[in-house]
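Worksheet for the structure shown next.
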Amino acid sequence: MAPRGDSVNEEMRQRSRHRILRATVELVDQRGYARTTLGDIAERAGTARGLVSYYFEGKRLLMQVACHRLMHLELAGALAKVPPGANPDARLATGIDALLTFALEHPRVMRSHLALILDPDVGAFLQDPEQQQLGAILRELLRSWGATDPAAEHAVLRSALMGACIGILLPGAPIPLAPIRADLFARYGLAWSLGTPPQPDAPARPQPPHRD
């Protein structure tokens, strides 16, 4: 039997890696981060426990990469459905809605993701390749929309989306999606009807309190 070429070996490694990432989000969705072990992930992925550690240095890194990859895929998939020639506002609205929908459909994954990146005791924010691809898509959306500094605006949008996810997923006191979406859309001057509105009309925005 002829030895496999480098390209075949790389394809097999990527498939194995993707199975591990998919197994991670599936199990965290079901059980939560704390109750999911690397052994569980290996079993779900159909691979050896040692291979999981070979690809990922610890459960935290694995969780972060898995979440970033799923967000990247969900965002890219949503944008692929936007009709060709759609204006930049429609694309940005679709991107924002895709990430808010991701949080609502995968609440345990997103809560675990946020908890890990906000905990100073577990290490610095990880800029893995999946996160970089996610960021590149968002920066391009902002560039097309007209941001004068897409990199700086991406940092603002990322922070706003994190805050939005915390709001809609806060255990025991969640905020409805509609007012959070309305604030995000107002920042970028996006019509409520763009993307996938959670209700037919935008909620009334409260007036700021009077000051002396």
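Every number in this text was worked out from the coordinates using simple rules, so none of it is lab data. Computed from a prediction, not measured in an experiment: that's the story for all the values here. Cβ atoms come from the backbone with ideal geometry, glycine included; neighbour counts cover every protein chain shown.
Points worth noting:
- With the simple model of a label 7 Å out from the Cα in the direction of the Cβ, N87 to D183 spans 2.6 nm.
- Computed from the Cα positions only, the extents of region 78-170 along the three principal axes stand at 45, 27, 22 Å, in decreasing order.
- Degrees separating the helix 59-80 axis from the principal Cα axis of the chain, which is the longest one: 60
- Whole-number D in µm²/s for the chain (Stokes-Einstein; Kirkwood sum over Cα pairs; 10 °C, 1.306 mPa s): 84
- Measuring r between the beta carbons of R13 and V156 and using R0 = 45 Å, the FRET efficiency lands at 0.80.
- Over region 57-111: Rg over Rh, Cα atoms, Kirkwood Rh: 1.09
- Principal-axis analysis of the Cα atoms of the chain puts helix 107-118 at an angle of about 90° to the longest axis.
- The ranking of T148, T36, T196, T94 by Cβ neighbour count inside 10 Å, starting from the fewest, reads T148, T196, T94, T36.
- Our estimate of slack between A136 and D149, defined as 0.36 nm per intervening residue step minus the Cα-Cα distance, is 3.3 nm.
- Computed lengthening from E105 to E57, 0.36 nm per intervening residue step minus Cα-Cα distance: 14.6 nm
- Seen from all directions on average, region 1-62 presents a Cα convex hull projection of 4.5 nm².
- When the alpha carbon gyration tensor of region 94-146 is reduced to an equivalent ellipsoid, its three semi-axes come out at 23, 16, 8 angstrom, largest first.
- Cα-derived Rg to Rh of region 1-127, Kirkwood definition: 1.05
- Label separation (D201 vs A115): 4.0 nm, computed from points 7 Å beyond Cα along the C-beta direction.
- Between region 69-102 and region 1-64, the C-alpha centres lie 27 angstrom from each other.
- Sites excluded, trypsin sites (Lys or Arg not before Pro) in DSSP loops with at most 12 other C-beta within 10 Å, longest stretch of the chain: 82-210
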